[in-house]
1. Relative contact order for segment A:438-495: what is it in percent, counting Cα pairs under 8 Å that are at least 6 residues apart?
2. Could you work out [θ]222 nm for chain B from helices alone, using -39500 (n - 2.57) per DSSP H run of at least four and dividing by all its residues? Round to the nearest 500 deg cm²/dmol.
3. Just to confirm the filter: which GluC sites (Glu not before Pro) across segment A:221-275 are DSSP coil and have at most 13 other Cβ within 10 angstrom of their Cβ?
4. Looking at segment A:385-465, which GluC sites (Glu not before Pro) are DSSP coil and have at most 16 other C-beta atoms within 10 Å of their C-beta?
5. Quick one: Cα centre-to-centre distance for segment A:3-34 and segment A:208-233, in angstrom?
6. Mind checking which of A:224, A:448, A:51 is farthest towards the positive end of the protein assembly as shown's charge dipole, using Cβ charges of +1 (Lys, Arg) and -1 (Asp, Glu) about the Cα centre?
7. To the nearest 10 Å², what's residue A:211's accessible area with a 1.4 Å probe?
8. Determine how large the accessible area of residue B:22 is when every protein chain is in place; take a 1.4 Å probe and give Å² rounded to the nearest 10.
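The values are calculated or read from the model by the stated rules, or taken from the named source; none is laboratory data. Here the structure is a predicted model, which means the values were calculated and not measured. Virtual Cβ from ideal backbone geometry, glycine too; neighbours counted across all protein chains shown. Areas reflect the complete protein model, heavy atoms only, side chains present, ligands, DNA and RNA absent. Shrake-Rupley method; radii C 1.70, N 1.55, O 1.52, S 1.80 Å.
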Amino acid sequence: MSYDVIIGLEVHVQLQTQTKVFCGCSTAFNPQAPNTQTCPTCLGLPGALPVLNKKAFELAVQTAMGLNCEIPLFTKWDRKQYFYPDLPKGYQISQYDLPFSRNGHLDIPPATDGDTPIRVRILRAHLEEDAGKNLHDESGRGAGSMIDLNRAGTPLVEIVTEPDLRNAMSARRFLEELRLLLVYLGVSDCNMQEGSLRCDANVNLHVHGPDGTKIPTPIVEVKNLNSFRFTEQAIEFEVARQWEQYQKTGQTIHDAPKVTRGFDPDRGMTYALREKEEAADYRYFPDPDLVPVTVTEEQLSLWRSRLVESPASRRERFRQEYGLSLYDAQVILDQGVLFADYFEQVASQTKDGKQAANWLTQEVQRVLNDRRWTLTEFPFPAPALGHLLSLVSTKKITGKSAKDVFNLLVEGDEPEVVTSETIDATIAERGLALVEDTGAIDMAIADVIGRNPKAVQDFRSGKQAAAGALIGQVMKAVKGADPQSVRERLLKQLEG
Amino acid sequence: MSLSAKDVEKVARLARLRLNETDIEQYAAQLSQILDYAAILEAVETEGVEPMVHAIELANVWREDEILTSLPRQQALQNSPAQDGKHFVVPQILDAS
Ligand SMILES: [Zn+2]
């Protein structure tokens, strides 16, 4: 007997706003100062009125556009009622039947050149407010739990996928692509340590019945996975556990309700969360405190026009236009928008994507890492690097000299911003320019041959090594000659 | 429309209200009356009428993303039944859900 694994994800993404979604409290991550970023609105005090943060809505729409979602022209706010200590109002402001976006997709990029992307459909994305944070008393006195409401009211986009994922690794790779997209769009910092991106995974199996039918097993929702690795581990564990369970009990989706489980990263296991006595009943209804939001086609097309290019589109362009391998394209994309922009500037100037990619992933990254510079602090602007690399490809200097010039110009505590002029000056100063005057080189070769009859004799009698000494003398005579070209011309004269 | 005792118990449980037998009986009758009153609206012909999502004919009320002063912590905590000077304190929570 075999089975398919069916996985759907719900991802909560914290939007990068200064203030909360319905009040002016700061969203700064500030666990050292609990309960200092609250007000009557996010505390749920009577009489306080929520007002929508315009920026939060715009970022949410950009997120949905990046996920290729439809954006309806009308959306509204609903209350999701439940009691939990970190939810001061007794309800969460969310969106129920008319979310601001639906029906999108995100493709998981191919793992290797030649593979095809995997499409994951997005059911919907809606905007809602986050809850506060529970802290558990670790004194062991069992005094109670402590609540910090600094996070209560932080804007979240909840992204719900269709159950299109078929294994744990795809789930992780989907999340990686999603994070890359969100970072490129600039809508979230996706800082997982600070809880800016959290994931719930719905997992079950479709067991292949003997008559070709598929038997779905009960759905398990693993809650609050705060790392991609944990998500992958939790799904792997669930698949094994559910398969064992099915073989033991034969329970199908019709025999048992959906259950929720937590994940213990230390043991790499999921565990049952205490079941509520009855199915969740959130009694959603429209929030009378908040008016609906309408957008126009014009507004949407304006926003769409301002949307930055997606990593998927760039990845494809890097391969098509600049001839990069999937691997190199990914290494560059993973360094962020600025790095990818820098690459494109250099590559479009030099018309040699592979050379630019090699330099960026080796020389440039090494210096950025060693010096702990961000790209904005890096003293070598793209046009200057483009100039330097062009000198190599047009054989004005050797690759080795280019690296020397590069290292020289980024030396020191606060090196000056490099320009094409400083590069040319450094090359002149150090005598690194390759001499193109073939007449001068040929004269020097003739001269050296004339003065070294013994070495010439050795070479002609088969001692290849003798050429080395002669090349060295020519190089000394003509400073800056390309050793490769000297070698070729010398051999020609010796053999001619 | 008449609500059963079971309906009332469920609604009470969801609202975390503890009701005794007499309460349940009383509320079942009263809530049924309220529903009956609201049911008058069902007589209205709504064919072809757009559903109304909000009582106020307004849309797009925004605020800019600008930080306003939050409450001092002591004020934020002052009405809570229990606090430790920094946090709201609640009975021990066992599971995150
Ligand atoms: Zn607030």
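1. Numbers: 40 pairs, mean separation 24.6, N = 58.
Averaging sequence separation for qualifying contacts and normalising by length gives 42 percent for segment A:438-495.
2. Numbers: 3 runs with 33 residues, N = 97.
The per-residue figure over chain B is -10500 deg cm²/dmol.
3. Values: sites: A:221, A:232, A:236, A:238, A:244, A:275; in loops: A:275.
Sparse-neighbourhood loop GluC sites (Glu not before Pro): A:275.
4. Values: sites: A:411, A:416, A:421, A:429, A:436; in loops: A:411, A:416, A:436.
Counting only loop positions with at most 16 other Cβ atoms within 10 Å, the GluC sites (Glu not before Pro) in segment A:385-465 are A:411, A:416, A:436.
5. Value for the Cα centre distance between the two parts: 24 Å.
6. A:448
7. Looks like 120 Å² after rounding.
8. My reading of the accessible area for residue B:22 is about 100 Å².
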